[in-house]
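The values are calculated or read from the model by the stated rules, or taken from the named source; none is laboratory data. These numbers come from a predicted model, not from an experiment. Virtual Cβ from ideal backbone geometry, glycine too; neighbours counted across all protein chains shown. Remember, those area values only see protein heavy atoms, side chains included, never the ligands or the DNA or RNA. Shrake-Rupley method; radii C 1.70, N 1.55, O 1.52, S 1.80 Å.
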Amino acid sequence: MSSTTIHLSKATFTISAPDIRRLPEDSGIEVAFAGRSNAGKSSALNTLTNQRGLARISKTPGRTQLINVFEIGENKRLIDLPGYGFAKVPLEMKKKWQKALGEYLEKRESLKGLVVLMDIRHPLKDLDMDLIQWAADSDLPVLALLTKSDKLSQGKRSAEVLKVKKALAPLNADIRVQAFSSLKRTGEEQANSIICDWFLEEPEE
């Protein structure tokens, strides 16, 4: 089946949930987006779904404090997870939404792929590595999207992609690395194809 049977542009907002108990039934296929609060996650989601206002873009990093659910088809969902690591918010609030993030990753059966977004100029920070390591240990495929790639020259961009690939190679996991720019739409087609392929895999009974 070709990836054209899945259209991320059909994404519609369903619910914002403070924890996994408020999410839709844990069935079907979910692809989750996670990243540091300033990694450009909302912009990437809007670009990939070709919808300008699907995910709210804020000048203040770390505004995604809930688990946001977008339906793209029957029992197929994109999940926007709380940003981590940067936001200037009270510690209690930060702990609360980090707990929601961890709980989702550990317990959600329908999670079939993880998009980890990192600023191409500052990739693989400790929390990014923790997340990718966790996914590798859980046999969960990862797409490492190196965002804001328009900030670098083509040569520097290619060098960064190669560096990240080499750093992640020892994990021996299903990890793809892609330079991405919401502004120039660089890497949009490749990322879209990978995510659509995840949605086309048959869920295990």
message = Given the -39500 (n - 2.57) contribution per DSSP H run of 4+ residues, what per-residue ellipticity at 222 nm results for the chain, rounded to the nearest 500 deg cm²/dmol?
response = -10000 deg cm²/dmol
Relative contact order [Cα under 8 Å, 6+ residues apart], the chain, whole percent = 25 percent
inquiry  = Just to confirm the filter: which GluC sites (Glu not before Pro) across the range 107-190 are DSSP coil and have at most 16 other Cβ within 10 angstrom of their Cβ?
reply    = Glu109
message = If I build a Gaussian network model for the chain, linking alpha-carbon pairs within less than 10 angstrom, which residue out of Pro141, Pro18, Pro90 has the largest mean-square fluctuation?
response = Pro90
message = Checking the cross-link filter: which lysines have an alpha carbon closer than 26 Å to that of Lys76, excluding same-chain neighbours under 8 positions apart?
response = Lys10, Lys41, Lys99, Lys107, Lys112
inquiry  = Let me spell out the model: positive unit charges on the Cβ of Lys and Arg, negative unit charges on the Cβ of Asp and Glu, origin at the Cα centre of the range 1-50. What dipole size does that give, in debye rounded to 20?
reply    = 200 debye
inquiry  = Please list, ordered by chain and number, the residues whose modelled amide H lies under 5 Å from the amide H of Ala144; skip anything fewer than 5 residues away on the same chain.
reply    = Val116, Arg176, Val177, Gln178
ask   = Cα-based Rg of the range 112-205 per 2.2 N^0.38 Å, rounded to two decimals?
value = 1.08
query = In whole percent, what relative contact order does the range 156-205 give with Cα contacts below 8 Å and a gap of six or more residues?
reply = 23 percent
key: Computed lengthening from Thr12 to Glu25, 0.36 nm per intervening residue step minus Cα-Cα distance   = 3.0 nm
ask   = With every protein chain left in place, what is the accessible area per residue of the chain in square angstrom, probe 1.4 Å?
value = 52 Å²
task = When you have a sec, figure out the Kirkwood radius of the chain from all distinct Cα pair distances and drop it here in Å to one decimal?
result = 17.0 Å
inquiry  = So for the range 135-200, if I pair up every lysine 8 or more residues apart or on another chain, how many of those pairs have alpha-carbons under 16 Å apart?
reply    = 5
note = Contour minus Cα-Cα span, Leu124 to Ser193, at 0.36 nm per residue, comes to 22.5 nm
key: 5 angstrom amide H check on Leu111, placed H, neighbours 5+ away   = Glu30
ask   = For the residue pair Arg108 and Leu183, what label-to-label distance in nm results when each label sits 7 Å from Cα along the Cα-to-beta-carbon direction?
value = 3.0 nm
